[in-house]
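Please treat every number below as a calculation from the coordinates, not as lab data. Nothing here was measured: the structure is a model prediction, and the numbers come from that model. Here Cβ is always computed from backbone atoms with ideal geometry, including for glycine, and neighbour counts include all displayed protein chains.
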Amino acid sequence: MVRSRQTTRVTWPALGFVYLGVGILIATLALGCLAMFHFAFASPGSRFTFQHSRPLHVSLAVAWIFGTVIGLVYAVLPSATGRPLFSKRLAGFHLAWFVFFGLAIVVALASGSFGGREYWAFPPIFAIAILVSWLLFAINFFGTVRRGKGPYPVYVWMWMTGILGFFFTYGESLLWMIPHFSGNPIREATVQWKSYGSMVGSWNMLIYGTQFYIMKQIEGEQASGFSKKAFFFYFLSLTNMMFNWGHHTYPVPGSVWIDHVAYVISLTELAFFVKIIADWSKRLDAARKHRHNTSYRFFVAAEWWGYLNLALALLISIPAINWMTHGTHITVAHAMGSTIGINTMILIGAVSYVLHGGAGQEHLGWQVSKGFWLTQVSLLAFFLSLVGAGVYNAVHEQSEVQHTMILFQLKPVFGAALVAGLGIAAGMFLVLAKLVWTHARHPIPQTEPV
Amino acid sequence: MFVYTRGTERPGQALSETQMEGKLAWQKHNCSACHQRFGLGGYMGPDLTRAYSRKGEAYLKAVLEFGVGNMPKLALSDDEIDGLVAYMKALDACAPPAREEVTFTWYGVVKPRE
């Protein structure tokens, strides 16, 4: 048995963000199922349609990732730097700000007040609230790190880069409001794709950084945070943050060379990422795997989803295949595979570590195990349904069959995807309910094990 | 940013006032939830990047006014309908080539059909 030593108590705002993130994920899954229902069995006459459910689902998915990773960084930062959080009060204010403006965005989208962008479809005035929220996070993060002593391990560099990268990419994503960009359709589409792609790079930095830290803690090997391999991955991710949007701009008639450079970098990062988890998994002894079985399972699941996404990404990077499939459900499978399969698996594993790492996770039992497998099997069915729908769509859309007719023919596939989506939601709910319920009843292990 | 947007400058590509009004109507009604432009947007409706040359102005106006299939009747004003059609005309003018205008090589590259 690996001994645990209580070092740093996780602060309440960090736990608040983590609990909030779990709540947002459950809402995201519910709205995702509703959006899928609207998609498969559309009802254009109703007041709340796909036009509402899709942007709500997408915005909440982004909020789940950002909100949770903020909470996780707040939770582990004191232990990672050896210094208390710069300001717990500021973090509490940040949480209140996040909740207030998050609810305001939900109300705006649900009532049909749109800004009209893809992904973050809320009115652009909320961009100010999001920037302020990120500024509060940056103040607390850099205030804490500044007090610590260098050299910093790789995960601190990843968090720093992710936070600064967000400011940069979010600023870029707002360029669409300037006439120089909004008045030119190709330029606007390129900038939108570029900024969103790079923003994914910035949140990957935060997520991967958190995962690196937790993997190091579980392994108990302090030097791994300074290894050459880890820093090579950091620089690869940094390059990826600047270029990984390229594969989405194949349909935009801009410069072609950048698409190919971008894709090679993006795939290299994914390949290297799964290699790091695989190596870590091999190094870990059975006792540590058992003690942190929930985190371990979800991290290894992210590795396998990484392989599957890599295979699909390799295929759709071929220009001819990309040309035929981009804009079909194969693109959705690619997005869902990475958002649910990689990012969400890592985040759930990290949430389990923060809530239960101190006392060990082996007591979480059958509910987490059942939920885990239900999630994986359902996600695979969901992924394959989307790929199947995408292939059918790509073949028939090229032969000028009406889009509505294709969707009608694909109804059984979308029905299957809806059932699989419900399975994902049920599986994740089983896991999250157990993690939160057990923690709420026995809140003692709010500490970091070493 | 300037590197990324290189190759996006085309003569006559800037949107006119009517086309810009159409773009604003697109944003206001969140058309991106269901339709794509240059691959950016939802999947419920067809990609509208080339809709103008494929379907024609009269068809687009009729669909915008009355709805069809999954497309709801959105109660758009005449100005909004004119603007949206003009905007789709602008998208069409700078769209990538259609399926019938390209060919695929055995090693997976897309080339213009000769």
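Figures for the structure shown
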{"item": "Alpha carbon centroid spacing (whole Å) that separates region A:150-172 from region A:281-298", "result": "28 Å"}
{"item": "Using alpha carbons only: equivalent-ellipsoid semi-axes of the protein assembly as shown, gyration tensor based, whole Å", "result": "41, 24, 24"}
{"item": "Alpha carbon Rg of region B:17-103, scaled by the compact-globule rule 2.2 N^0.38 Å", "result": "1.03"}
{"item": "Sparsely packed GluC sites (Glu not before Pro) within region A:140-244, loop by DSSP, other Cβ within 10 Å at most 14", "result": "A:Glu221"}
{"item": "Sequence-distant lysines (8 or more away, or on other chains) whose Cα lies within less than 26 Å of B:Lys89", "result": "A:Lys194, B:Lys23, B:Lys28, B:Lys55, B:Lys61, B:Lys73, B:Lys111"}
{"item": "Calculated from backbone phi, Karplus (6.51, -1.76, 1.60) coupling profile of region A:53-63 in Hz, x at Gly/Pro", "result": "5, 5, x, 5, 4, 5, 5, 5, 4, 5, 5"}
{"item": "Residue order, fewest to most beta carbons within 10 Å, for A:Thr331, A:Thr28", "result": "A:Thr331, A:Thr28"}
{"item": "Chain A: most fluctuating residue of A:Ser111, A:Ser53, A:Ser133 per GNM, C-alpha cutoff 10 Å", "result": "A:Ser111"}
{"item": "Long-range HN-HN contacts of B:Met71 with modeled amide H, under 5 Å", "result": "none"}
{"item": "Trypsin sites (Lys or Arg not before Pro) within region B:54-114, DSSP loop, no more than 14 other Cβ atoms inside 10 Å", "result": "B:Lys73, B:Arg113"}
{"item": "Among B:Tyr59, A:Cys33, B:Pro96 - extreme Cα towards positive end, dipole of the protein assembly as shown, charges at beta-carbon", "result": "A:Cys33"}
{"item": "Charge dipole of chain A about the Cα centre (unit charges at C-beta), most positive-ward option of A:Tyr213, A:Phe86, A:Val377", "result": "A:Phe86"}
{"item": "Calculated FRET efficiency for the pair A:Lys411/A:Arg441, C-beta based, R₀ 45 Å, to 0.05", "result": "0.55"}
{"item": "Chain A: angle of helix A:154-173 to the longest principal axis, Cα-based, in degrees nearest 10", "result": "30 degrees"}
{"item": "Under Karplus coefficients 6.51, -1.76 and 1.60, residue-wise ³J(HN,Hα) of region A:209-221 in Hz, glycine/proline x", "result": "x, 5, 5, 4, 4, 5, 4, 5, 5, 5, 6, x, 10"}
{"item": "Electrostatic dipole magnitude of chain A [Cβ: Lys, Arg +1; Asp, Glu -1; Cα centre; debye, to 20]", "result": "1480 debye"}
{"item": "Selected from A:Phe141, A:Ser195, A:Gly102, residue furthest toward positive end of dipole (the protein assembly as shown; charges at beta carbon)", "result": "A:Phe141"}
{"item": "Local electrostatic count, A:Phe137, Cβ distance below 15 Å [Lys/Arg +1, Asp/Glu -1]", "result": "+3"}
{"item": "Total charge dipole magnitude, chain B, about the Cα centre, Cβ charges on Lys, Arg, Asp, Glu only, Debye to nearest 20", "result": "440 debye"}
{"item": "Degrees, to the nearest 10: A:126-147 long Cα axis against longest axis of chain A", "result": "30 degrees"}
{"item": "Folded to 0 to 90 degrees: helix B:17-28 orientation relative to chain B principal axis, Cα", "result": "80 degrees"}
{"item": "Once exposed loop chymotrypsin sites (Phe, Trp or Tyr not before Pro) are cut out (DSSP; at most 13 other Cβ, 10 Å), longest piece of chain B", "result": "B:3-105"}
{"item": "Local electrostatic count at A:Leu236 - Lys and Arg +1, Asp and Glu -1, tallied over other residues with Cβ under 13 Å", "result": "+2"}
{"item": "CD proxy at 222 nm, helix term only [per DSSP H run n ≥ 4: -39500 (n - 2.57); per residue of the protein assembly as shown; nearest 500]", "result": "-23000 deg cm²/dmol"}
{"item": "Other-chain or far-sequence residues with amide H under 5 Å of A:Gly115's (modelled H)", "result": "A:Phe122"}
{"item": "For region B:68-81, Karplus couplings with θ = phi - 60° (6.51, -1.76, 1.60), whole Hz, Gly/Pro x", "result": "7, x, 6, 7, x, 7, 9, 6, 7, 6, 4, 4, 5, 5"}
{"item": "Excluding exposed DSSP-loop chymotrypsin sites (Phe, Trp or Tyr not before Pro) (at most 14 other C-beta within 10 Å), longest clean stretch of chain A", "result": "A:49-450"}
{"item": "Sequence-distant residues sharing a close amide H with B:Val102 (under 5 Å, placed H)", "result": "B:Arg113"}
